1. I'm trying to understand the selection: among the residues of region 139-182, which are farther than 20 Å from residue 118 by Cβ, among the charged types (D, E, K, R) and assigned to a loop (DSSP other than H, G, I, E, B)?
2. With 162, 196, 150 as the choices, which residue is surrounded by fewer than 21 Cβ atoms within 10 Å (Cβ to Cβ) and under 18 Å from residue 98 (Cα atoms)?
3. Can you give me the number of residues within region 65-85 that are of a type outside the set (Val, Ile, Thr), in contact with an Asp or Glu (Cβ under 9 Å, 6 or more places away or on another chain) and in contact (Cβ under 8 Å) with a residue 24 or more places away in the chain?
4. Restricting attention to region 44-63, and to residues there that are within 24 Å of residue 10 (Cα to Cα) and of a type in the set (Phe, Trp, Tyr), which single residue is modelled with the lowest pLDDT?
5. Could you go through region 41-57 and let me know if any residue there is touching a residue at least 60 places away in the same chain (Cβ under 8 Å), surrounded by 12 or more Cβ atoms within 10 Å (Cβ to Cβ) and over 20 Å from the mean Cα position of the chain (by Cα).
6. Just the residues that are assigned to a helix (DSSP H, G or I), small (Gly, Ala, Ser) and touching a residue at least 24 places away in the same chain (Cβ under 8 Å), please, taken from region 97-138.
7. Just to be sure I understand, how many residues within region 16-57 are among the hydroxyl-bearing types (Ser, Thr, Tyr) and not in a strand (DSSP E or B)?
8. Return yes or no: is residue 92 surrounded by fewer than 14 Cβ atoms within 10 Å (Cβ to Cβ) and either at pLDDT 95 or above or within 20 Å of the chain's Cα centre (by Cα) (or both)?
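The values are calculated or read from the model by the stated rules, or taken from the named source; none is laboratory data. This one's a predicted model, so the numbers in the text were calculated from it and none came from an experiment. Here the Cβ is made from the backbone with ideal geometry for all residues, glycine too, and neighbour counts use every protein chain on show.
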Amino acid sequence: MKELSVFCDESGDFGPVSPHSPFYFVGFVFHDQSYDITGELQKFKERVFAQGQNEYVPVHTAPLIRREEKYRNLDGAVRKKLFDTLFAFFRHCELQIKVIDIDKRWYGFDGDLEERIAKELGTFVRDNLKYFQSYDRVVVYYDRGQKEISRTLKIIFGSTLSNVEFRIVSPRDYLLFQVADLACTMFLIEKKREESGLSKSESSFFGGAQRFKKTYYKLFCRKLFNAERWRS
């Protein structure tokens with residue numbers, strides 16, 4: 001059976017626009033199950049264990065970069081090593097990425113934002129319908145973090161595909177869910193770099209805005225969704 005796994009995560013909220021958070025992102029990771037990533041999963045676990053960082057997994061990239069939440073007591077070198085370990089896993093796996101990027105200053109919030117996300121996701125699925133229908137089963141994983149996203153996923157994928165299943169996921173259990181989080185963070189930082197520049201903590205973490213773009217974002221973009229890539 002040919003199976004496609006779809007992991008989804010979001011960054012932002014459905015509340016009114018605020019100066020520090022005008023964007024909303026929905027990140028998707030597509031993994032064709034015929035590509036075995038067991039070896040890369042094992043490498044990630046071994047590297048994290050060797051670094052003594054097990055307690056900081058699952059990796060939440062935005063607070064990791066900003067030294068917030070459970071990462072507040074980690075210095076920059078340790079946080080950077082953990083980020084690079086996740087990024088290396090992402091780079092070496094046969095994955096594809098899609099990020100829905102919404103500027104709330106243009107498209108609003110609450111119901112208007114949900115409608116816009118549904119419209120963009122619906123267009124994406126329909127434009128790539130042959131790709132999704134080439135699989136015997138499509139399994140969509142989400143952690144029910146926001147009810148609006150849960151509802152949108154079920155409406156769009158459920159109404160478009162007959163071969164779809166939905167499963168609740170815990171970030172701790174699936175590293176690909178953490179990659180969906182990474183995808184949202186990469187888009188957010190690039191948006192900030194383009195508009196107003198990186199914050200002091202972000203610039204320090206990546207070694208400057210240009211290094212982020214050339215060393216990280218350029219490599220990240222190589223995995224952006226292309227229905228023809230890896231198609232046999």
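1. 172, 173
2. 150
3. Matching residues across region 65-85 total 2.
4. 56
5. No, there is no match, as no residue in region 41-57 is touching a residue at least 60 places away in the same chain (Cβ under 8 Å), surrounded by 12 or more Cβ atoms within 10 Å (Cβ to Cβ) and over 20 Å from the mean Cα position of the chain (by Cα).
6. Matches in region 97-138: 118, 122.
7. 4
8. yes
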